[in-house]
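Novice: Take this structure first; my questions come after.
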Amino acid sequence: DTAVSQTPKYLVTQMGNDKSIKCEQNLGHDTMYWYKQDSKKFLKIMFSYNNKELIINETVPNRFSPKSPDKAHLNLHINSLELGDSAVYFCASSQDVWGRTEAFFGQGTRLTVV
Amino acid sequence: QQPVQSPQAVILREGEDAVINCSSSKALYSVHWYRQKHGEAPVFLMILLKGGEQKGHEKISASFNEKKQQSSLYLTASQLSYSGTYFCGTDEIYSGNTPLVFGKGTRLSVIA
């Protein structure tokens, strides 16, 4: 059983489109995150949710909107995609809200905007 | 405040040792280490908490010097499976609600 799973694994889309990435964790964790990893491998936090509530929103354009229907799911919706949005997006979860415990990452979604 | 990792990249032959360093300009509560293999997700290695301890996992261990705000990851008798990019993540004491901040990574290549 995959602990943190995200879909799709690959996403190729045109500029201006809207797309969503889904994430689910079966670890019973209270906290979920979205990270963006750019072409230089820099891993940057985007959002953090604790028990369905937004905790952290790190200067991300408002075209990115996370939604957490329950504490096991955290989806990411992106409007009006731009070339610069191309990256690998990782979902992760941890037990502790401040990231002071081990984080488990999903396999990543490689988004390519053309 | 993004921690600084060094070296940026290192190439080892099997059986050789390596040290990866992570330093911050801020007082730290903890340092986390992750390894990411090419095309895969980052995988947790260990957390070192304020209070000083050295942790180990088989032939990979780490130390945390709170006063210097530094952590080092030690890989001994490296194996091919150690290849990947190693990230440290730092949790600042006075950061409030800010999340873990990752360094830019150290790419480790182990060759036969």
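Novice: If the requirement is being closer than 27 Å to residue B:8 by Cβ and open to solvent by less than 10 Å² (accessible area, probe 1.4 Å), which of these qualifies: A:38, A:85? Working first, answer last.
Specialist: Values: A:38 fails: open to solvent by less than 10 Å² (accessible area, probe 1.4 Å).
Selected residue: A:85, the only one of A:38, A:85 that is closer than 27 Å to residue B:8 by Cβ and open to solvent by less than 10 Å² (accessible area, probe 1.4 Å).
Let's see how each residue does on (1) within 13 Å of the chain's Cα centre (by Cα); (2) within 14 Å of chain A (Cβ to nearest Cβ); (3) β-branched (Val, Ile, Thr):
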{"position": "B:30", "(1), (2), (3)": "yes, yes, no"}
{"position": "B:39", "(1), (2), (3)": "no, yes, no"}
{"position": "B:76", "(1), (2), (3)": "no, no, yes"}
{"position": "B:89", "(1), (2), (3)": "yes, yes, no"}
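Novice: Also, quick follow-up: State which residue is modelled with the lowest pLDDT when the search covers only segment B:73-112 and only residues that are aliphatic (A, V, I, L, M) and under 22 Å from residue A:44 (Cα atoms). So that I can check it myself, show each step before the final result.
Specialist: Step one: list which residues in segment B:73-112 are aliphatic (A, V, I, L, M), which gives B:73, B:75, B:77, B:80, B:93, B:100-101, B:108, B:110-112.
Subsequent filtering for residues that are under 22 Å from residue A:44 (Cα atoms) retains B:73, B:93, B:100-101, B:108.
Details: B:73: 95, B:93: 75, B:100: 79, B:101: 85, B:108: 97.
Among them, the one singled out is B:93.
Novice: Could we say that residue A:101 is within 14 Å of chain B (Cβ to nearest Cβ), open to solvent by 60 Å² or more (accessible area, probe 1.4 Å) and either free of Cβ contacts under 8 Å to residues at least 60 places away in the same chain or in contact with a Leu (Cβ under 9 Å, 6 or more places away or on another chain) (or both) here? Give the steps one after another, and end with the answer.
Specialist: Values: within 14 Å of chain B (Cβ to nearest Cβ): yes; open to solvent by 60 Å² or more (accessible area, probe 1.4 Å): no; either free of Cβ contacts under 8 Å to residues at least 60 places away in the same chain or in contact with a Leu (Cβ under 9 Å, 6 or more places away or on another chain) (or both): yes.
When the stated conditions are applied, residue A:101 does not pass them.
Novice: Turning to a different aspect of this structure: Does any residue of segment A:12-22 turn out to be of a type outside the set (S, T, N, Q), surrounded by 20 or more Cβ atoms within 10 Å (Cβ to Cβ) and under 13 Å from residue A:105 (Cβ atoms)? Quick ask: steps written out before the conclusion?
Specialist: Quick first cut of segment A:12-22, residues of a type outside the set (S, T, N, Q) only: A:12, A:15-16, A:18-19, A:21-22.
From what is left, the residues that are surrounded by 20 or more Cβ atoms within 10 Å (Cβ to Cβ) are A:21.
With under 13 Å from residue A:105 (Cβ atoms) added as a condition, the list becomes none.
No, every residue in segment A:12-22 fails to be of a type outside the set (S, T, N, Q), surrounded by 20 or more Cβ atoms within 10 Å (Cβ to Cβ) and under 13 Å from residue A:105 (Cβ atoms).
Novice: State yes or no: is residue A:47 within 16 Å of residue A:77 (Cβ to Cβ) and within 12 Å of chain B (Cβ to nearest Cβ)?
Specialist: yes
Novice: Just to be sure I understand the filter: pairs with C-beta atoms under 7 Å, separated by 6 or more residues or on different chains, first member in segment A:51-76 and at positive phi, second member small (Gly, Ala, Ser). Which pairs pass?
Specialist: A:52/A:68
Novice: Here's a follow-up. Can you name every residue in segment B:60-75 that is open to solvent by less than 60 Å² (accessible area, probe 1.4 Å) and either more than 13 Å from residue B:49 (Cα to Cα) or in contact (Cβ under 8 Å) with a residue 24 or more places away in the chain (or both)?
Specialist: If the condition is that a residue be open to solvent by less than 60 Å² (accessible area, probe 1.4 Å) and either more than 13 Å from residue B:49 (Cα to Cα) or in contact (Cβ under 8 Å) with a residue 24 or more places away in the chain (or both), then B:60, B:61, B:62, B:64, B:69, B:71, B:72, B:73, B:75 are the ones that fit.
Novice: Scanning for something under 24 Å from residue A:3 (Cβ atoms), more than 11 Å from every other protein chain (Cβ to nearest Cβ), in a loop (DSSP other than H, G, I, E, B) and of a type outside the set (A, V, I, L, M), does segment B:55-65 turn up at least one residue?
Specialist: Yes: segment B:55-65 contains one or more residues that are under 24 Å from residue A:3 (Cβ atoms), more than 11 Å from every other protein chain (Cβ to nearest Cβ), in a loop (DSSP other than H, G, I, E, B) and of a type outside the set (A, V, I, L, M).
The values are calculated or read from the model by the stated rules, or taken from the named source; none is laboratory data. Owing to the predicted nature of the structure, the values given are computational and were not obtained by experimental measurement. Cβ sites come from the backbone with ideal geometry, for glycine too, and all protein chains shown count toward neighbours. These area figures cover heavy atoms from the full protein model, side chains too; ligands, DNA and RNA do not enter into them. Shrake-Rupley method; radii C 1.70, N 1.55, O 1.52, S 1.80 Å.
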